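K.L.:
Let me give you the structure first, and then I'll get to my questions.
The values are calculated or read from the model by the stated rules, or taken from the named source; none is laboratory data. Remember, it's a predicted structure, so these values are computed and weren't measured experimentally. Counting neighbours? That spans all protein chains shown, and the Cβs are built from the backbone with ideal geometry, glycine included. The accessibility values were calculated without ligands, DNA or RNA, using every heavy atom of the protein model including side chains. Shrake-Rupley method; radii C 1.70, N 1.55, O 1.52, S 1.80 Å.
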Amino acid sequence: MDKRKRHGRESVARIPGDANCDGKFSLEDPIRINDYIASRNGNFQTTLGKRIAEKVSDCQTDFKLNSNDLQFLDPDGSSLIEGIDATFLLDVMVQNYFFMEVETLKLDKPNCELQVSISLFNEVGGPPRSGTRVLVDFEMAQNRALFFDGLTTGSLITTNKGSTTGGLVEAKLVGVGEYHIQFHTAGNFIGPLGLSVAQVADPSMVVLPNWKFFLGSDNNPMYSGPLLYSNIDTSLLSDISRPNGYNPLKFLSEPVHQGCYMTSTHITSTHTSKKTTLTESSKIEFPKTSPEITESVATTLLPISSATITMDLSTTPEPTSDIMEISSTTIPITLDNTVTSKTSVTVSTVSTVTET
């Protein structure tokens, strides 16, 4: 698909980077952004300001945008119109960096996955330079280790990012200009998640810094602590930092594990206690009895979470074989959606079966 048409509508085709809405991408577009900034500084009262205000209104009418929607002047998607927007367009022209689309897809059961797809393309819909890399910053309030343990596509670079919580993942190139990251989310109680993207320029390009960080505005930062990715990769010629905090490029407000369930868990016995516990890692530990239980299967309908489930086996008869089965059609659980949530239930159906 020609990426230039993705943002379009039937009457007027939207061209990425077309800040002056003339239907093409050219040097006039970064000039329009700078003219807009100058006009805004003069409260649109100068001769230039009045002309720019009229041109902006025409663009909004053409694309059926409301009077506050200035997305055509914000090519890097930060929600701020500033000089770096014009600089970004110049970088696209020389192929230091590229236009970008970021999509997230949360798959519920049985997949239980979070997919992040990043598309890079130039002004004519062509692919980026072959050495261009994509790094994605993830920010979360809790369960960082659980989240990154579920990474199945892409590679974790670091979880050391200064005073904020999360980490940096390199997306995997899976097609022409298409980069993917994928997490298996079953068992990982991950709350609201912010993500931002850094493009790293092809090594043949002479540009400093050799990365561009795409994120939200600096106004009222959601993450107030300083962000710092330092000495993470020899190919990055400078640190990635936001000393005053930042807002993510995209924010997923719904917990990414929501809707995923586990129906079966394999377990190994190591404890001598009569208590059985299901922990965050989904491992159930049964009490040792005589003869020793080497493996068991607990069949439940269990919402994935960080909750701890305690099964009281104090009345369990001694097993007559090496395998014991504990089953229940449903174990009701009430969560308070916090990482410290713990909910106890009692399993009343316990039976022994003969090994086959």
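K.L.:
I'm checking my understanding of the structure. Among residues of the stretch 10-48 that are at pLDDT 95 or above and among the hydroxyl-bearing types (Ser, Thr, Tyr), which one is most open to solvent (accessible area, probe 1.4 Å)?
P.N.:
47
K.L.:
Hey, another quick one. When residue 177 is evaluated against the numbered criteria (1) over 18 Å from residue 117 (Cβ atoms); (2) more than 18 Å from the chain's Cα centre (by Cα); (3) not hydroxyl-bearing (Ser, Thr, Tyr), which criterion, by number, is the only one it fails?
P.N.:
Residue 177 satisfies all of (1) over 18 Å from residue 117 (Cβ atoms); (2) more than 18 Å from the chain's Cα centre (by Cα); (3) not hydroxyl-bearing (Ser, Thr, Tyr) except (1).
K.L.:
Quick one: residue 7 ticks every box in (1) outside any loop (DSSP other than H, G, I, E, B); (2) of a type outside the set (D, E, K, R); (3) modelled with pLDDT under 90 except a single one, so which number is it?
P.N.:
If we test residue 7 against (1) outside any loop (DSSP other than H, G, I, E, B); (2) of a type outside the set (D, E, K, R); (3) modelled with pLDDT under 90, just (1) comes out false.
K.L.:
If I filter the stretch 66-96 down to residues being of a type in the set (Ser, Thr, Tyr) and more than 21 Å from the chain's Cα centre (by Cα), which single residue comes out as farthest from residue 40 (Cα to Cα)?
P.N.:
87
K.L.:
Going by what's in this entry, would residue 162 be described as among the small types (Gly, Ala, Ser), in contact with a helix residue (DSSP H, G or I) (Cβ under 7 Å, 6 or more places away or on another chain) and at positive phi?
P.N.:
Here the answer is no, as residue 162 does not meet what is asked.
K.L.:
Just one of the numbered conditions (1) open to solvent by less than 20 Å² (accessible area, probe 1.4 Å); (2) closer than 26 Å to residue 245 by Cβ is not true of residue 177; which one?
P.N.:
Unmet condition: (2).
K.L.:
Please enumerate the residues belonging to the stretch 62-94 that are touching a strand residue (DSSP E or B) at 6+ places or on another chain (Cβ under 8 Å) and part of a helix (DSSP H, G or I).
P.N.:
88, 91, 92
K.L.:
So which of 121, 138 is aromatic (Phe, Trp, Tyr) and out of contact with any Leu (no Cβ under 6 Å at 6 or more places or on another chain)?
P.N.:
The unique qualifying residue is 121.
K.L.:
Condition first: open to solvent by less than 10 Å² (accessible area, probe 1.4 Å) and farther than 18 Å from residue 77 by Cβ. Now tell me which residues in the stretch 201-219 satisfy that.
P.N.:
201
K.L.:
Also, I was wondering about something else. For the stretch 95-172, give me every one of the strands (runs of 3 or more DSSP E) that falls completely inside it and has 2 or more residues that are surrounded by fewer than 21 Cβ atoms within 10 Å (Cβ to Cβ), of a type in the set (Asp, Glu) and at pLDDT 85 or above.
P.N.:
Output list reads 99-107.
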